[in-house]
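The values are calculated or read from the model by the stated rules, or taken from the named source; none is laboratory data. These numbers come from a predicted model, not from an experiment. When we count neighbours, we look across all protein chains shown, and the Cβ atoms used for this are built from the backbone with ideal geometry, even at glycine.
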Amino acid sequence: MAMHRSKYLIDQLINRRLTQEELDEFLAGLHQEAELQAYSDRLEAYFNELLKQNQPPLNTEENVSRLLNEIKFRP
C-alpha cells in the first residue's frame with residue numbers, strides 16, 4: 001500500500017468516515033510491518049498536533065506570570 005493511502009485510511013479512521021472496504025483494507029494493513037509503521041507515524045503526527053493545539057504558549061509574559069503564581073502557591 002502506498003504511503004499516501006495509509007495516511008488517507010488513518011485520516012478516514014480519525015474522522016470516522018471509513019467505509020467497510022476501507023476498514024477491511026486498514027485491518028489487513030495491521031499485519032504488514034511497513035503499514036504498521038506508516039499508521040504509527042501518521043497517528044503520532046496527529047496526536048502531536050492535538051497536544052500543540054491544547055498547550056498555551058509559554059513564552060508570553062502573562063503565561064510566565066501565571067505559572068510563577070501557581071508555583072508560589074503550591075503546598
* Kindly establish whether R74 is charged (D, E, K, R), modelled with pLDDT of 90 or more, loosely packed, with under 13 Cβ neighbours inside 10 Å and assigned to a loop (DSSP other than H, G, I, E, B). => no
* Asked: Taking interchain pairs and intrachain pairs at least six residues apart, which have beta carbon atoms under 8 angstrom, with the first residue in the range 7-34 and closer than 16 Å to Y46 by Cα and the second among the acidic types (D, E) and not in a loop (DSSP other than H, G, I, E, B)?
  -> L9/E22; L9/E25; Q12/E22
* Would you tally the residues in the range 15-41 being in a helix (DSSP H, G or I) and surrounded by 13 or more Cβ atoms within 10 Å (Cβ to Cβ)? => 10
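Of everything in the range 34-52, what is of a type in the set (D, E) and under 16 Å from R5 (Cβ atoms)? Give them in sequence order.
Within the range 34-52, E35, D41 meet the criteria.
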